[in-house]
Amino acid sequence: MMSLMFKNTPDLVVKPKNALEISKLMKYAVKNNIPIIPRGGGSWGLGGAVPTNGGILLDMGSLNEIIKVDKENLTITVEPGVSWKEVDDIVTSNDLFLGAYPSSAPGASVGGWINTGGIGIGSYKYGGVEQQIRSIEVVLPDGKIIRAGFEKVMSNSSGYNLRDLFVGSEGTLGIITKVTIKLHPAPEIIRPISFSFNDVGNFIKAISEITRARIMPWNITILDGNHLEYLRKIGMDAPEVEGLINVTFEGTRAVVNYEAKVLERIISKLDGEKMDDEFSEHEWSERYYELRSKAIGPTALVGEVFVPVKKLKEMFDGTNKVIKRMKIRAAIVGMISDRNTAVLMPYVLTDERKMVKSLATMAFIKKIGDLAFKFGGRPAGLGTFFSVNLKKLHGKGVETIFDIKTSIDPYDVMNPGKLTEGVTRFGVPIPALGFRSGMELMGVVKGILPKDK
Amino acid sequence: MIRLRNNQPPNIDDYYTCLQCGYCKNVCPVYNQLGWESATPRGKVYWLKQLSGKSLMDKILRRKIDINDAWVKRIYSCTSCAACEEYCHVNLKLADLWEDVKEWMLNDGVKPLAPHKMLYDRISDPSKRNPFQDDDNPERDLLKKRGSWLPEGIKLSRNPEVVFFAGCTSSYRLQMLAQSAATILDNADVKFSILGKDEWCCGSPLLRTGQTDIIKGEYAEHNVQAIEARGVHTVVTACAGCFNTLKNNYPKIVGKLPFKVYHISEFLEILHKRNKLKFKKEINKTITFHDPCHLGRHGKVFDAPRYIIRNIPGVKFVEMDRIRKNSRCCGAGGGFKIAFNDIAEDIAVDRVKEAQATGAELIVTPCPFCVVNLNAGAKKGNIPLKSMDLLQFVTQAI
Ligand SMILES: Cc1cc2nc3c(=O)[nH]c(=O)nc-3n(C[C@H](O)[C@H](O)[C@H](O)COP(=O)(O)OP(=O)(O)OC[C@H]3O[C@@H](n4cnc5c(N)ncnc54)[C@H](O)[C@@H]3O)c2cc1C
């Protein structure tokens with residue numbers, strides 16, 4: 001189906017050696033009107049690194065050097081193909097600390113996470129990807145190689161913030177070829193603590209109260225009862241409860257001990273149960289593995305939405321209503337990524353080999369996006385399929401976004417068909433209205449089909 | 001291109017379960033060298049999925065999805081280290097999958113790689129039953145001489161409690177390892193015997209390369225019966241490959257084994273704790289330890305060899321960054337070295353560099369293949385750091 005609409009197979013795969021090579025390639029591509037598609041770890045779900053109409057795929061995995069650990073200035077400089085886990089491993093072994101990384105760190109590349117403008121593990125305390133980086137080197141479509149940001153100090157000041165223009169640009173503006181990442185002194189301890197809840201209301205209230213307390217966890221992950229049930233189904237040890245909150249602190253022992261105490265007080269007032277250390281450590285070691293139970297599907301469709309913390313209850317209720325109405329198997333996992341932002345990743349387990357059923361299930365992703373809008377939040381990520389959301393997200397701002405794209409990439413060779421345009425292989429745009437009503441229809445179809453087991 | 005009689009590869013559900021998250025990518029030693037997505041476990045699963053789901057659409061879009069020589073080469077570009085399995089998001093049994101896929105391909109008419117075919121020819125030869133030959137006299141009956149490594153003066157027990165399964169490499173190539181093992185067992189008053197000409201290749205090189213028929217049909221059962229006939233409940237082997245095969249493969253082939261399989265390092269630990277093995281000489285060296293994949297990730301033995309090394313007086317023990325379940329392959333395993341020696345040695349260079357970073361003066365590892373390949377890697381990378389088999393190392397301390 002997808003392959004009818006899009007020419008997903010590139011005409012050529014290139015493993016570049018350095019920025020200069022990429023610069024030459026860009027000039028060639030512009031001259032010959034060939035799409036260039038940068039690919040990092042290929043772990044992003046929205047098709048960003050997949051061609052829509054052939055072209056040259058740049059496999060950035062070949063740029064995987066660790067260039068320098070600079071202890072004096074608290075930075076590490078790497079090529080973009082290095083995975084976040086590798087960065088974290090090297091940083092840790094140098095007695096330093098990386099503030100945040102995606103939960104896909106073993107697979108996700110440094111360049112990929114910047115281009116998806118991600119938030120992840122540690123964002124609660126240290127911010128999104130833009131706050132983890134100091135400077136980037138970018139090859140522009142015209143072949144120019146520029147530096148954006150500053151290697152040793154902050155980028156904040158007057159003047160357009162060039163660096164952040166490329167954050168979340170999904171490879172549509174240029175190719176990142178070098179990144180300097182900001183680091184911190186190593187903490188004395190890292191301490192994960194898990195809490196379980198038998199009541200959804202209290203589970204959600206606890207999340208909200210944590211964000212309003214004067215404590216600063218490093219990371220907060222939340223898992224709902226369905227998710228835990230799926231884990232038990234595949235033979236893992238997960239409690240039979242309605243919700244689990246995994247909080248991780250890092251820092252000085254005395255401070256962490258104090259913050260943990262404050263947290264425990266909040267939780268116990270809401271009838272949450274503190275899990276033992278072994279369980280908490282295990283949950284922490286599972287932080288990269290949100291979709292462990294995928295085999296039950298075996299296909300999983302994953303959505304991602306941002307909602308205000310105070311609307312979590314409504315969002316959970318709304319999502320669960322959709323799950324019931326569509327008769328699907330779905331669960332909600334998420335992260336709290338700042339005091340007012342909950343990032344939820346509801347996922348549906350389905351089977352792509354059953355065409356009608358699984359296509360119809362796609363409506364779920366659209367519906368939770370709508371719910372997020374309704375509660376003052378937003379769906380995350382555009383890629384190939386959700387570029388139709390651009391207008392809804394930015395209103396008239398879309399025109400400015402188009403202007404930026406056109407001024408940097410007037411030749412439209414940088415990852416065409418993404419972010420600013422949903423375009424099929426024949427250059428036919430995916431019409432926003434058609435997309436929406438199509439998705440709606442699929443949702444109705446799924447509701448008519450028998451319940452998923 | 002190879003025509004397949006039956007295009008359905010094994011374990012199809014796995015291909016749909018795979019998340020394509022790529023956690024297996026950066027930990028794959030072969031991908032680390034080749035750098036092509038097609039060499040990653042995820043890339044191979046992706047292709048298998050396309051193969052298993054070939055449809056009319058492929059014809060319409062003129063997509064060529066087939067098993068060609070390049071693909072066969074990729075499937076064999078695997079050291080069977082199982083690092084991919086360790087990191088797999090959705091718990092796929094990837095190490096088994098690669099073996100099943102090779103077996104399926106060969107059953108469907110794909111030709112094994114030439115060096116693997118050579119292994120098969122020798123192991124299946126009734127006058128050899130091992131992967132080696134006498135190069136001066138290829139026809140020579142080596143099976144008859146299988147037990148001739150046994151040092152003079154060591155008496156085998158008529159009433160043994162233990163069978164020492166020497167393995168092909170120690171029987172024919174690195175006899176010193178089998179001899180050290182026998183000497184240590186003898187010194188510790190262990191009543192043991194060996195299988196001599198009744199010991200056939202355990203089958204590891206064939207099981208890893210998909211050439212399974214004689215092992216599943218005859219060899220596994222033969223070896224199990226030969227051990228059983230000695231009336232023992234304990235088998236000890238000094239080879240990580242034999243250990244993994246006896247412990248993990250044989251029960252799947254012949255059912256529950258009537259004996260327990262130990263790696264020599266586990267057995268030495270037991271002897272030391274019972275005061276039967278004493279280290280009398282100091283070794284004043286900084287040592288690091290390399291986990292062989294077939295002993296560690298596959299065999300789940302991590303502590304015993306470390307226990308032995310730590311208990312040798314004088315030793316300063318240092319660990320590498322990637323150890324135990326996360327250990328990095330030396331590059332030799334799974335029939336990879338014999339087919340792709342250059343890449344295998346490049347993998348070893350990386351591992352030796354990691355060892356060098358610890359400041360160690362010697363790498364100790366309980367696997368003859370790891371020793372050979374790590375030493376080749378050190379040479380290739382011009383790194384002055386030698387590797388030594390655990391047994392040889394222990395012998396210096398007693
Ligand atoms: C299990 C799982 C967990 C995840 N958890 C998180 C999470 O916690 N937070 C989060 O934000 N995301 C998460 N993701 C999504 C995804 O992993 C991240 O967005 C990741 O950072 C993408 O990196 P990648 O290297 O795989 O990028 P790819 O998928 O290869 O590419 C993503 C986009 O970036 C572009 N790109 C890649 N490299 C470059 C470059 N060097 N220059 C220019 N453009 C480039 C591509 O063209 C594409 O548009 C998760 C995914 C999975 C499967």
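The values are calculated or read from the model by the stated rules, or taken from the named source; none is laboratory data. Treat the numbers as computed from the prediction; the structure is a model and nothing was measured. FYI the Cβ positions are ideal-geometry reconstructions off the backbone, even for glycines, and counts take in every protein chain you see.
When residues of segment B:10-19 are filtered for being farther than 20 Å from B:G334 by Cβ and either of a type in the set (S, T, N, Q) or at the interface with another protein chain (Cβ under 7 Å from one of its Cβ atoms) (or both), how many remain? First the steps, then the outcome.
So the first thing to find is which residues in segment B:10-19 are farther than 20 Å from B:G334 by Cβ, and the list is B:12-13, B:15-19.
Still in the list and also either of a type in the set (S, T, N, Q) or at the interface with another protein chain (Cβ under 7 Å from one of its Cβ atoms) (or both): B:13, B:16-17, B:19.
Number of matching residues: 4.
Taking helices (runs of 4 or more DSSP H) that fall entirely within segment B:20-103, which contain at least 2 residues that are within 14 Å of chain A (Cβ to nearest Cβ) and over 25 Å from A:G47 (Cα atoms)? Outline the logic, then answer.
Details: elements: B:29-34, B:41-52, B:56-60, B:69-76, B:83-87.
By residue number, B:29-34, B:83-87.
Among the residues of segment A:133-167, those identified as in a strand (DSSP E or B) and either on the phi < 0 side of the Ramachandran plot or aliphatic (A, V, I, L, M) (or both) are A:I133, A:R134, A:S135, A:I136, A:E137, A:V138, A:V139, A:I145, A:I146, A:R147, A:A148. Candidates A:V138, A:V167, A:V110: the one that is within 9 Å of the ligand (Cβ to nearest atom), more than 14 Å from chain B (Cβ to nearest Cβ) and modelled with pLDDT of 95 or more is A:V138. Flag set for A:F364, criterion: over 16 Å from the mean Cα position of the chain (by Cα) and either crowded, with 21+ Cβ neighbours inside 10 Å or part of a loop (DSSP other than H, G, I, E, B) (or both).
Only a single criterion out of (1) over 15 Å from A:V179 (Cα atoms); (2) within 11 Å of chain B (Cβ to nearest Cβ); (3) hydroxyl-bearing (S, T, Y) is not satisfied by A:T52, namely (2). Scanning segment A:32-57 for residues that are more than 8 Å from the ligand (Cβ to nearest atom) and assigned to a strand (DSSP E or B) turns up A:I36, A:N53, A:I56, A:L57.
Among the residues of segment A:97-107, those that are near the ligand (Cβ under 10 Å from one of its atoms) and in a loop (DSSP other than H, G, I, E, B) comprise A:A100, A:P102, A:S103, A:S104, A:A105, A:P106, A:G107.
Check segment B:51-68 and report whether any residue there is outside the structural domain of B:G296 (by TED's automatic domain parsing), surrounded by 15 or more Cβ atoms within 10 Å (Cβ to Cβ) and within 23 Å of B:N373 (Cβ to Cβ). Within segment B:51-68 (the criterion being outside the structural domain of B:G296 (by TED's automatic domain parsing), surrounded by 15 or more Cβ atoms within 10 Å (Cβ to Cβ) and within 23 Å of B:N373 (Cβ to Cβ)), the answer is no, since none of the residues qualifies. The residues listed here are A:G369, A:G376; of these, the one that is more than 26 Å from A:P192 (Cβ to Cβ), assigned to a loop (DSSP other than H, G, I, E, B) and either under 19 Å from the mean Cα position of the chain (by Cα) or touching a residue at least 40 places away in the same chain (Cβ under 8 Å) (or both) is A:G376. Only one of the listed residues (A:E137, A:E65, A:E79, A:E86) is in contact with a Ser or Thr (Cβ under 9 Å, 6 or more places away or on another chain) and closer than 21 Å to B:G22 by Cβ. That residue is A:E79. Listed by position, the strands (runs of 3 or more DSSP E) contained in segment B:281-398 that have at least 3 residues being surrounded by fewer than 18 Cβ atoms within 10 Å (Cβ to Cβ) are B:316-318. Listed by first and then second residue, the pairs linking a residue in segment A:180-197 that is of a type in the set (D, E) to a residue that is surrounded by fewer than 16 Cβ atoms within 10 Å (Cβ to Cβ), with Cβ atoms under 6 Å apart and 6 or more places separating them unless they lie on different chains, are A:E188/A:T252; A:E188/A:R253.
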